[in-house]
Amino acid sequence: MFKKILITYYSRTWMTTWVAVEMARILDCDLEEIVDLKDRSGAMGYLLAWRDAMKKTLTEIKKIEKNPWDYDLVIIWTPVWAFTMASAVRTYITENKDKFKNVAFFATQWWEWDQKKFKDMRELTWKEPVFEIQFLTKEVANGDFKGKLEELMKKYG
């Protein structure tokens, strides 16, 4: 369906990284990490991350190497903080929203019931996503996400 795909992701821990890397392997597509230049390690970093996400604060991110305009589909992956996307993802979208042809949204989170992060992502990109999906942290930790991911990619990839 889409000839050229980019997966771009932010991860404070290994959870989102692991799934994004696995997805890039399955799709055989490009991958780019969004790097937050603010230190968010440890308990204090987590609290600051939560606060910044709740306030919808932008952060400084490392300059991206891949131009989203060069891709038919950009998959934007975020961990969920304070019921929304991580600040680094918010910054990435804000800085690149005019460069997206098509988008898809993925999230890694602890709970099942919240969908606000996708609403926020749709509003920032000005795009209706091709698809959006969340993976629970326990699915990632157990490796249970792989089957779900492969099924999704067969359908849309």
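The values are calculated or read from the model by the stated rules, or taken from the named source; none is laboratory data. Note that the structure is a prediction, hence the values are computed from the model and not measured. Cβ sites come from the backbone with ideal geometry, for glycine too, and all protein chains shown count toward neighbours.
Miscellaneous remarks
- Test: Lys56 is out of contact with any Ser or Thr (no Cβ under 6 Å at 6 or more places or on another chain), under 22 Å from Lys127 (Cα atoms), among the charged types (D, E, K, R) and at pLDDT below 95: yes
- One residue stands out in region 1-37 among those that are in a loop (DSSP other than H, G, I, E, B) and crowded, with 16+ Cβ neighbours inside 10 Å: the one that is modelled with the lowest pLDDT, namely Phe2.
One line per residue, one yes/no per condition, for (1) over 21 Å from Val21 (Cβ atoms); (2) at pLDDT 95 or above:
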site: Thr91; (1), (2): yes, yes
site: Asn102; (1), (2): yes, yes
site: Trp126; (1), (2): yes, no
site: Phe131; (1), (2): no, no
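- Filtered by the rule that a residue be of a type in the set (D, E, K, R) and in contact (Cβ under 8 Å) with a residue 24 or more places away in the chain, region 48-76 gives Arg51, Asp52, Lys56, Glu60, Lys62, Glu65, Lys66, Asp70, Asp72.
- In region 80-105, the residues that are over 25 Å from Met1 (Cβ atoms), surrounded by fewer than 21 Cβ atoms within 10 Å (Cβ to Cβ) and aromatic (Phe, Trp, Tyr): Phe83
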